[in-house]
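These notes are about the structure you will find just below.
What follows is calculated from the coordinates using simple rules that are stated; it is not laboratory data. Note that the coordinates shown come from a computational prediction; the quantities given were computed from them, not determined experimentally. Please note: Cβ atoms are built from the backbone with ideal geometry, for glycine as well, and neighbour counts cover all protein chains shown.
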Amino acid sequence: MTDMPQPAETSGALRADDERSSPSLVTVFKANLERMGGTFLETPEAGDPLRPVREKIAGAKVVCSVVPEIAGNRDIATVRQAQELADVDFAVVRAAFAVAETGSVLLGEAELKINALAYLAQHLIVLVDPASIVRNLHDAYRWPEFHDRHYAAFHTGPSATADIEGVLIHGAQGVRSLPVLPLAPGGGALYA
């Protein structure tokens, strides 16, 4: 069966046996995230690596952060019912990992604390460790974080819907924006 045709290389796809000639996983993730309507936040070369996040949340009335790097004014530990998150302007979370092929981030109950946070907030800001970006969904399914959660969902860009004439609306039934900042735990933002 060695004479069987091989699948054609697709744009943005990474082959496991040829990473040296491929763009970095961060570059591929960024391109696919943006293609799906998400925003890739560039980390500043100097100064506060969280500045892009701080700028986004600066004028917000309600910020619910479940990461130690950013302080919010809605403490997730005090929320007793999901409905209490309906007025959240910005939620800030850290993804378990991301998928370069699709521009997706994996979020589960360990990352969100309350699952509705990722759907009721107006804007969902996601921190992701650049070292935790996997090549494709096949690799993603091998990560323990995908299996050891009661709940896990891939988020790819903001909520969107389109009518029959192709008018695309973001945030119609969920978050209006999905900015992602590549940032290692502890604040390191280095990536290739």
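If you check VAL93, VAL88, which single one turns out to be among the β-branched types (Val, Ile, Thr), outside any strand (DSSP E or B) and surrounded by 12 or more Cβ atoms within 10 Å (Cβ to Cβ)?
Details: VAL93 fails: outside any strand (DSSP E or B).
Among VAL93, VAL88, only VAL88 is among the β-branched types (Val, Ile, Thr), outside any strand (DSSP E or B) and surrounded by 12 or more Cβ atoms within 10 Å (Cβ to Cβ).
Please work out if GLU55 is without any contact (Cβ under 8 Å) to a residue 12 or more places away in the chain and surrounded by 15 or more Cβ atoms within 10 Å (Cβ to Cβ). Quick ask: steps written out before the conclusion?
Details: without any contact (Cβ under 8 Å) to a residue 12 or more places away in the chain: yes; surrounded by 15 or more Cβ atoms within 10 Å (Cβ to Cβ): no.
Taking the combined requirement at face value, the residue does not satisfy it.
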Filtering segment 97-148 down to residues that are among the basic types (Lys, Arg) and out of contact with any helix residue (DSSP H, G or I) (no Cβ under 6 Å at 6 or more places or on another chain) yields ARG135, ARG142
